[in-house]
Structures are given as C-alpha cells and as structure tokens.
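Here is the structure we will look at, set down as structure tokens.
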Number of protein chains: 4
Amino acid sequence: MKSRIIKKIGVLTSGGDAPGMNAAIRAIVRTCTYHHVECIGIFRGFQGLVEGDFEPFGPRDVNYIINKGGTILKTARSETFKTAEGRKKAYENLKKEAVDALIVIGGDGSFTGAMILSKEFDIPVMGIPGTIDNDIRGTSHTIGFDTALNTVIDAVDKIRDTASSHKRLFFVEVMGRDAGHIALNAGIGAGAEEILIPEENLGMDRLLESLKKSKKSGKSSSIVLVAEGEKLGKNVFELGEYVEQNLPEYEVRVSVLGHMQRGGAPSCFDRVLASRLSVKAVETLLEGKKNYMVGLINDKVELTPLEQAVKGHSPIDMELLRVSDIISI
Amino acid sequence: MKSRIIKKIGVLTSGGDAPGMNAAIRAIVRTCTYHHVECIGIFRGFQGLVEGDFEPFGPRDVNYIINKGGTILKTARSETFKTAEGRKKAYENLKKEAVDALIVIGGDGSFTGAMILSKEFDIPVMGIPGTIDNDIRGTSHTIGFDTALNTVIDAVDKIRDTASSHKRLFFVEVMGRDAGHIALNAGIGAGAEEILIPEENLGMDRLLESLKKSKKSGKSSSIVLVAEGEKLGKNVFELGEYVEQNLPEYEVRVSVLGHMQRGGAPSCFDRVLASRLSVKAVETLLEGKKNYMVGLINDKVELTPLEQAVKGHSPIDMELLRVSDIISI
Amino acid sequence: MKSRIIKKIGVLTSGGDAPGMNAAIRAIVRTCTYHHVECIGIFRGFQGLVEGDFEPFGPRDVNYIINKGGTILKTARSETFKTAEGRKKAYENLKKEAVDALIVIGGDGSFTGAMILSKEFDIPVMGIPGTIDNDIRGTSHTIGFDTALNTVIDAVDKIRDTASSHKRLFFVEVMGRDAGHIALNAGIGAGAEEILIPEENLGMDRLLESLKKSKKSGKSSSIVLVAEGEKLGKNVFELGEYVEQNLPEYEVRVSVLGHMQRGGAPSCFDRVLASRLSVKAVETLLEGKKNYMVGLINDKVELTPLEQAVKGHSPIDMELLRVSDIISI
Amino acid sequence: MKSRIIKKIGVLTSGGDAPGMNAAIRAIVRTCTYHHVECIGIFRGFQGLVEGDFEPFGPRDVNYIINKGGTILKTARSETFKTAEGRKKAYENLKKEAVDALIVIGGDGSFTGAMILSKEFDIPVMGIPGTIDNDIRGTSHTIGFDTALNTVIDAVDKIRDTASSHKRLFFVEVMGRDAGHIALNAGIGAGAEEILIPEENLGMDRLLESLKKSKKSGKSSSIVLVAEGEKLGKNVFELGEYVEQNLPEYEVRVSVLGHMQRGGAPSCFDRVLASRLSVKAVETLLEGKKNYMVGLINDKVELTPLEQAVKGHSPIDMELLRVSDIISI
C-alpha cells in the first residue's frame, strides 16, 4: 500500500480524561502548523466523529491550555461508533472534511476503536496513551499517571495529618479497577503501611497480621492504600469494618478519593511527556507510517504497533512491592 | 474570688483536629516565654489530662510546626474525663505539676469540658476555637475553617476538570454535620450550581427544577455541593441516584471528600488567626481574667464568656445564600 | 440629579492584575443577567475604553474562570485616558454602545480615573477593590490579597526547608511599595524572625541586635520578610550584604519573590469576596446609587464614597506587629 | 581485599539540599532495620563526620519525614574535610563508632569526597544522587529534580497569569549553573517561548529574531526560561534590558525564582525514586560491594562505579530542544 501524503490530521480524546491531554492537543496542533499541515479538532471522542463535530485548530487556539486539566475536546462514550453504520458515518465525516489521518488520545479501549476504523476504511491512525491508570503496554508512563500520583499523595499527606493526630488507621481507596499502578506507587510515596492491589492477593489474615505488627513496632497511625480492583472480596468499607472488628486496638476510618484523581493541572512530567509523544505521533504520520502507539520506553519515545498495545495491561513492577514491604517496617 | 498569679499554663488540643492548631500551640508556648511564664503541653486532649501525659514546652520545641497540619499534642476522645472521678484525677495532675491555668484548643464540646473542670476545681480556663466547621458562636472564623475551604475548592476544581470534559453532574459531599458553613462558602468559591446545607431545605422538587434550568441555560457540567448534614432525607449517594433517575439527561457521579478536609498546611489566614488568638488567650489569663473564649469579631480579637460560646452554633450568612443563587445563573 | 434607569453596565479591570478579578467579572456578568441588564466587557482597562475595545458578555462567557488567575479582560496603562481628549473618546464609546454605568475593578489609581470620568460626563461608576496590596481605605480586604499571602507563605515554607537544612539566614522580598500588609501578614504566617515594612523603620542597629538575639536563642535558621518599600535605605541585596558583614555567624541568602505573587488560582476567600462585592456593585447601580466603592467592613459588604476610598492607604494593624514580635521569640 | 561483614551503616547528606533527601534517609534507616543492621545518622555532611556529630537512627525516628523538604540530617560545607588531617579525624570517628560503611546522599562533589575517604581508609561507600540539578552521570533522574520542575512550572503558571493579563514578556531565571536540565524541561512544561541553557548558545540575534516572530504570530505574552549558567554573556537583568531596548514592542519583566526551587514536599516520583535507590544502596553494601552510585537507568535501579559518576555532567537531551522549538510556534 502506497503511503498517502498527509495534509490534514484529525485529533480526538476518548475514554476517561487525564491531566496532560490538553498539553498533547496543544503539541499536536502546533506540530501540524510547524510542518505546514492542517489540524482538525474532533469533539466528544468517537461520538463527535460520528456526528461530524469538527473544528479547525490553529496554534493560537491552544494558547494557555498546557496547564489545564481535562480536555478542551471533551470526551464521551459512543454506542453508535460501535456499530458498522456508525463507523461508516465517522469515515464519511473524515472524508468530507478531507482528514487524512487520525490521532486518538486515550486508553486501550480507544485504541481498539481506532484500529477497527483503520482496518475498515484504510485511514491511518496513531494512538497516544492518555489515562491516569498507567495500564497500557508499550509505554512506561501514560499521560496523566504522574499527576494522579501527586494528587493522591497530596491527599494522603493531609489524611496522615489527621490520622496521626488521632492515632487512627485509614483505608484510602484510589483508582485502578484492573491495575494497581496508582496504589503501588502512591502507596510508596505516601508511606503507606500496606498496599492492596488487583495483582496481588495479600489475604485477610496477612493483612491483619501486618497491621498488628505495625502497631507493635510503635507506629501510632497507619494508612492502607487500596486500589479499586483489590482482590480481597470486600469493598473498602467492608474491609475497614472487618479490620475494626478484628483489631479493636485500631480506630478505623475510610476515605475514597474518587474523581479528583482525574483532574488538576498536569505535572511537569506529564506536560513534557505529552509534548514529546505528540510531536512524534504527528511526525510518524508525516513519514508515511501508521497504526502505531507512541510511548516512552527506557526514557526514549518509541513506536509500538497499536495491535500489541491493546493486548492486556502492563504488569506492575515487583521490585516496587518489595521496596514497599521493606520501608514500611 | 481573688485572681491568682499565673506561673504555669497548660495547653491541650481536643476534638477533631484542624489545620492551624500547631500554629496556636506555637504561639501559646512562645507568648508564655515572652512573659516569663512556663508552658506545659498536655497530650491527647482531656485523656492526657486524666493520665498526666504532660511535657514542658519551650520556644525551640515548637520550631517548624507553624506550617504543619494536625496537632503535635494529638487529640483523643475521653470517656474517663466525663466522669467526676476522671476530672478529679485531671485536676490532681494539674495541681501536682503546679499548672495554674489551662488553654483548650477545640470546638464547643471541648469548651464544655473545660468549663465543667473550671467550675468544679476553680481552675482558670481559656478556649481557642479550633475546628474546620466554623460553627462556634463568638468568632467569625474558627481556626482551620479557611484552610478547609481551600482544600475543598482545590478538590472541586479538579473534579470540575473531569466533569466538564465528560459533561457530567457531580454531587460532592463536604464536612458539616450540623452547620453548612463549609458547603456554603466553598460552594460559592467552587462555582457550584447548587448548595445543600442543614440550615435550608431546598426540597427535592426545587433541586430537580434548578438542575433542569441549569442544563437549559447551556451549562454542560454541574457541581452540587452537599454538606453531610443536609436535610433532604437522602444520603449523597441516594441523592445522586434519585437525580439520575429523574433527570436522565444528566450522567451523575458522587464524590465524598472525607478526612483530607481536616489536614494539610494551614493557610496564611489560619496561621495569623491562630497566632493572634493565642497571644490574646495567654495575656488574658495573665491579666487575671478567666473562662473566656478568644474569637475574631469584626476583624478584632475579642473575648466571649465560654458559657455563651457553647450555646448553639453560629448561624450561616443568608446573604451568601442569595449571592450563590445569583451567580450560579 | 435624577437617577437614570440602568440597562447596560460596562466592566473593566485596571492596574496590576490580582487573583479573583475573574471571579469578580463572572459575578458582575451573572448578576446583570439575573437582573435582566446587559453587560459589556471592556478590554485592557481605560485604554480599551478609549479605543472602544468592547464585547458583550453573557453568563456562559464566564464559565470556568472563577478559579483562574489574571483577568480575561486584560489590563493596561493608558496615557491617552489621562488627557481630556482621551476621556472624551472614552465617553463617546460608552454613549455609542449605550453603556449606562461603569464598574472598575482595580486599585486607587483606577478609582481616581473612574471618578474623573464620572464628574466630567456624569456617568455612574462603581469601584471594586482588586489589588494584592490591600492598601485601599474602605475595605478590610482587597481582592487578591489573601491569595498573595498564601503564595508567599508557600514559597517561604519551601525556602525554610533549605534555610534550616543549611542553617542560613534568608532575606525574602515581597511586594508592597507603599504598604506592608503582605510582609506583615505573610511574615507572621511564615514564622519570620523579622519583618521590615514601609510603615515602621526598625533601624539597622535593632535589626542586627534582633538577629543576634535570635541566634543566641538557639534558632538555627532565620527568615526576614522584607516589603519592597522598607525604609532602611538599602535594597534587599544591600541589606543581606550588610548583615553578612556585621554578623559573620550568619550565612546570608536573598530571594525576591517577584511577579508570581500576582498570579495563581484565587483562594476561596478571594473568590467569595469577589462574588459578594460584585453582586453588591451591580445592585447598587440598579438602585440608582453611584460613585461608591464596595468593600468589606466588619465582615459585611459596605459602600464607601469613591472619593474617600482614594484618600491615602489603609493603615497596618499595629496589633499584628506586636504579635509578630512576641511569637518570633 | 576481602569484603567485611557490615553491621553498622552511616548516612549523611551533603551539598545543596534537595526534596526527597528525607525520603532517602527514611528508606536507608528502615532497610537497615529490615536487614538487622544498625544505622547511624551523621549531621551536617562531612563536617559532622569530622566532628563526630553522630546519632543512632531507628525506624520510628524517621516517621512522618517522607513528605518533608530539606534534610533532617542537615548539610554543610566542610573545609576541614578537604585536609588530610580532617579526613583522618572523620575516619577515626567512624572507627570509634564501629561504622562499617558510609552512604552519601548528594551531588558529584560529595561523591568525590566519599571516594577519597574510601581510598585513603578503605571504608566502603555508596553514593545516592540527590540534587535538583539532574547533572550526574549514571542516572536519568537525580532525587529532587522532578520536584524542582513542578515548583518551577507552578511559579511560571502564576507568572503567565500576570504576563498574559498585561501582555508582557517575562525572563524567568531558574537554577542550573552548569546544566540546563531544569530550564529545558520546565521550559517545555511551562510552555516557554524560548529556553536559554548553558549547553546551547542561541546568540542574541537569534533570540531577538525569535521573539519578534513570536509577537507576529499573534502571541500576546511570552516567557523566556533562563538557566543561571546561560552563555549569552549577560545576566538575566541585562538580558531583559537589552531586549526591551531592541524590541520596544515588548514590556519586559524579570523574575529570579531562587532558593524556593530547593524546598517543598517532594513529588511522588522523587519519593519513590529515593526509596528505590536507598534500598538498593544498603543492600549493595550488604552484598559486599562498594564504591558505587545507585541510579536510575532505563527505569531500572543500576550501579555505576562512583569514579565514573563524578566524571562530568550528564548531557541534555537534544530531542527536547527540538520539541521545544516545535511546540513554541
């Protein structure tokens, strides 16, 4: 297949929003301008693609957004795009606007959608990993992960203030249905006494044992960081209750950090990452390549075929679990 | 009764901790030193008073704490202190250590405890209002309230990022079982579309009406700030569900901010307030007065008899409710 | 003079920008809508008035700005407006657009401009105090002051980390050419050992004496907060050098916080203040009153004739100086 | 040489302090406890080594420090340690306290000192890279670098508020005498229009050219990030003046961020990095190895012989310069 000349690139954000998505949009728009290519913003993800909710973006349209959380392109779920008819409409909208290629900022679900479109209509696509969960293969860091970690430890630092004033045990639930990256990293960063993640089932007995030991070692307050998807068969409130019943020496409280983890001004790391990945995504398309995800591997920007990127989650770093065990002594 | 000469002052923190308590402790200790009076720190509130958990504090012992959340003196509930026997022990501990007067940093429950002790054993006490809830008569601001407001709007700003990216409606629960000061002020500060507080029962119908109007006015996302003690007869999760069922045009999410509202580095306002009130509390004792709460009234530090301070909560400012209605249009 | 019916209100920001100006603009626009009055935004202060740089603002045009620093209306100096000819042009622009009244958000210089316009052309004006310096009569707090204080103590908290690690003495210059409000309040909040302000000349000898005493008392690091306009006859770098020469036991460093003090997300206090003052400013005009500044006096929103507001600066609170002396012991 | 059995490890921080040093100290102390090895804290860097300013540290002595900036062990310059006599004293102090090995947290200067001591007295040493400058070979990230970047972009975000309100050009000086890592990364993160670093001499003509182009492209405000060690032969104030004279269309302001860059609560990245490197440093000594620096290479913790680590600075990433050029269009 001959590579087309790319004159116009469309960009959309899809799935859960993540801090740094705006930095990515800004870098894509400006890299297009730099290479004399037009850029079209597509609103509300694949739904906007289906509906033709398009707008041309120039370099001044992305002023003052590098430090803003959320996504100026909005994001939405699209049931219509899941139908063949919906995708046909999407393609026709792209054709009508003469959009030659598509960049999708989002998670693995979003990349799957992009791949199907690409296969069905031979439209070149590129994926940029934007999600706070850091659960995508082909990149050591997704855009938004670093910011979410800082949001979590900032909140847990505050909770620690009150935990230590009252000598309490706190269970703090953080995001991560399928992957424990946030809980594991933020748990180390926040100095958590225990970390419960989907990838490891500590078991209730060992949790109780560990908390008992922690108390004995002279600690007056304790934080347990809990990923949404932990595998103990109890939700975080049930966990708290169970522990309070079994360890009456502890006064237990529960906190669910929730959606604030998705927002906020992106960290410098996420802004730089978003900028680097986005420049590469545009330039990869201009070189005539397609259907890759750009990611960070060994601190370098690298390409991974989209097909591989969507296959399962990135594994957690077992060394980190060990580090956590040692330094929570 | 002749006023004694005060040579040694004890200080304790009691009730829920609040940012700025450490700034108050620091100022009390140093004001004592300034006036050549000794200062004794009492750990874990009234429980430490009963147990004699005392430690002398000098000006260098309170270095580097003005910016720390929580309380270095810890706080705890004390069932023992509620008994006559417990209070007798407390008094004996004070006598043994030659403590002439007591400063209690906390809320109205803590002040009640202090008053009873004072009446039973003729020990001069002073109250300093430290609670994030701002629900104490005799002061326009309690220590910790301003910091909690900033913590809340910072979290809601983050939630707004994701709310507006997804065009969602968020119910955000903030602290305030009996008083809506946090919800009302932070609601205005965060640009909330509606504010639900214990002092006002909007009614479910008017809430639905208001949210419908908000949507029609072109708003793509909405935040409703909910005080714990709101009077709609549903908890925040039930509220969210009810609204989602009755207003299908909205995608609803719920967030409970929880204990992070109690912690964090105090704001400048709270540090200055804590310092001013604490200097006055010590000097009031040294002037031979007793059983007052120090508070901020019309930007001046004023005394209110402790008896009055514990009588009911401070009312909310109805003007603020009106301001909120107008600017959420 | 009969009061006109107000159908259209113009708003501009002038002088140095301050956090909370956008919250004020938002509240003005929405209060206008609430009362069925049109609102016109005037860009770049009085210069935009002269040039007719106007734009109608509706309630959705001020979405998502309550938490943004700076001013979306921009601000600028205007030499033209200082001429009679320039002001005539300004008036003609207002007349052409049928603007019936003008709200000016800024400091005393901006209010003076507004008063002159009002006198020359009988256009009703209102002033809203927006400046980080808090140096305006008729209000206990100007919009932006509280945020600037938090920015300063956040920076000084960071400097304290390194000061105490190295056992150094830091001179930190903060804004305040004519008034020491920032230095005084932030100095107490940051736990500064000394505070140098325009309103008080400590004298070099007493400064040295105080620093010597501070060292002797066992403090290992020290922070001196210096207002730009301090009266010791040396700039902050010369001060640092002088002290290092005369107190060789100290290793001195200097830090000038600069313009970051003007920016950042406004604090909850400033957002609420801006909202309250702005509602009142619009409603005062609609009641047929004019030429007042809205301000906070004893926690209530009150009116002060603009003429009085521009007469000299608000004095500093001498009690605060005393508090600072006591707690820096 | 046979490797000794390590029973007691000393730790010191040296050189400029950096956020995350306390997280490293905490992890070293606790890893020692975990492996049943004693840990000795040495105060004030090599000077404390010379003076025998030692204290045993247990796991509870490092509670609540993971989130604190600065270093609880303090840091200082030591002229005495540079003499053979001073180092002999240092060694004798180690011998007297039966300290078997030394971990030094600091920059290349500190590592050089450690190496000399190790060679002269056969004491095993390990280096942990702690400096905000990120200028050490053998690690992609030094402890403190990530936090400093976030501090810088947070400050520049604030400056951008006021820059854009006034349509001004700001020169912002950040740390980096020999290396431009901070300026380059924070420059991209803050959306700077130009970045001046020691590693690249843009030349005054090209700077003026670029700023002219920026103005023409429709930008209303501009930020130039300047590393202390930039090579244009003018300091940042002279730069600002020169540009204002040659580009009268710009109103120029200068801001020097200064020492606040060294402080503050460490980011999650720095806390995790410090924890990982510190566990490895202790365990490397316990394996009988010595004279290595632990660092992050390709996201893995790796060892680099100390001798190599101190040889020159880590080069900047030329790709980042290119990214910056593209996205500041």
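Brief remarks follow.
- Among the residues of region A:267-278, at least one is within 14 Å of chain B (Cβ to nearest Cβ), buried (at least 24 other Cβ atoms within 10 Å of the Cβ) and at negative phi.
- Of all the listed residues (D:Ile316, D:Ile329), the sole one being out of contact with any Gly (no Cβ under 8 Å at 6 or more places or on another chain) and modelled with pLDDT under 95 is D:Ile329.
- All of A:Lys219, A:Lys231 fail the test of being open to solvent by 30 Å² or more (accessible area, probe 1.4 Å) and in the same structural domain as A:Lys167 (by TED's automatic domain parsing), apart from A:Lys231.
- Considering region C:1-109, the qualifying helices (runs of 4 or more DSSP H), each wholly inside and each with 1 or more residues that are at positive phi, run over C:45-51.
- Residues that are open to solvent by 10 Å² or more (accessible area, probe 1.4 Å) and without any contact (Cβ under 8 Å) to a residue 24 or more places away in the chain were ranked within region D:141-200; the one that is farthest from D:Ser314 (Cα to Cα) is D:Asp161.
- Within region A:170-196, the set of residues being under 15 Å from D:Asn63 (Cβ atoms) and among the aliphatic types (A, V, I, L, M) comprises A:Ala190, A:Ala192.
- Identity of the residue in region D:1-31, among the aliphatic types (A, V, I, L, M) and surrounded by fewer than 24 Cβ atoms within 10 Å (Cβ to Cβ), that ends up nearest to D:Val99 (Cα to Cα): D:Ile6
- The requirement of being closer than 28 Å to D:Ser267 by Cβ, open to solvent by less than 10 Å² (accessible area, probe 1.4 Å) and within 14 Å of chain B (Cβ to nearest Cβ) is not satisfied by A:Val256.
- Check on C:Ala101, in contact with a Pro (Cβ under 6 Å, 6 or more places away or on another chain), away from chain D (no Cβ under 14 Å) and buried (at least 16 other Cβ atoms within 10 Å of the Cβ): yes
- Within region A:32-57, the residues that satisfy the criterion of being over 28 Å from B:Ile159 (Cβ atoms) and open to solvent by 20 Å² or more (accessible area, probe 1.4 Å) are A:Thr33, A:Tyr34, A:His35, A:His36, A:Glu38, A:Gly52, A:Phe54, A:Pro56.
- Verdict on B:Ser324 being outside any helix (DSSP H, G or I), open to solvent by less than 30 Å² (accessible area, probe 1.4 Å), within 25 Å of B:Gly189 (Cα to Cα) and not assigned by TED's automatic domain parsing to the domain that holds B:Pro198: no
- Just one of the listed residues (C:Glu319, C:Glu287, C:Glu249, C:Glu241) is within 14 Å of chain D (Cβ to nearest Cβ) and surrounded by fewer than 16 Cβ atoms within 10 Å (Cβ to Cβ), and it is C:Glu249.
- Extreme residue, nearest to the other protein chains (Cβ to nearest Cβ), among residues of region B:298-316 that are out of contact with any strand residue (DSSP E or B) (no Cβ under 9 Å at 6 or more places or on another chain) and open to solvent by 50 Å² or more (accessible area, probe 1.4 Å): B:Lys300
- Residue ID - farthest from the other protein chains (Cβ to nearest Cβ), chosen from residues in region A:128-186 that are of a type in the set (S, T, N, Q) and under 27 Å from D:Tyr64 (Cα atoms): A:Thr147
- The number of residues in region B:198-239 being within 19 Å of B:Ala155 (Cβ to Cβ) and outside any loop (DSSP other than H, G, I, E, B) comes to 9.
- The conditions of being in contact with a strand residue (DSSP E or B) (Cβ under 6 Å, 6 or more places away or on another chain), in the same structural domain as C:Leu247 (by TED's automatic domain parsing) and modelled with pLDDT under 95 are not met by C:Ser165.
- Breaking point among (1) β-branched (Val, Ile, Thr); (2) touching a residue at least 60 places away in the same chain (Cβ under 8 Å); (3) touching a Cys at 6+ places or on another chain (Cβ under 7 Å), for D:Val99: (3)
- Criterion (within 29 Å of D:Glu251 (Cα to Cα) and at the interface with another protein chain (Cβ under 10 Å from one of its Cβ atoms)) met by exactly one of C:Asp17, C:Asp53: C:Asp17
The values are calculated or read from the model by the stated rules, or taken from the named source; none is laboratory data. Because the structure is a prediction, the values reported are computed rather than measured. Cβ: placed from backbone, ideal geometry, glycine included. Neighbour counts: every protein chain shown. To get the accessible areas, we keep the full protein, side chains included, count just its heavy atoms, and leave off ligands, DNA and RNA. Shrake-Rupley method; radii C 1.70, N 1.55, O 1.52, S 1.80 Å.
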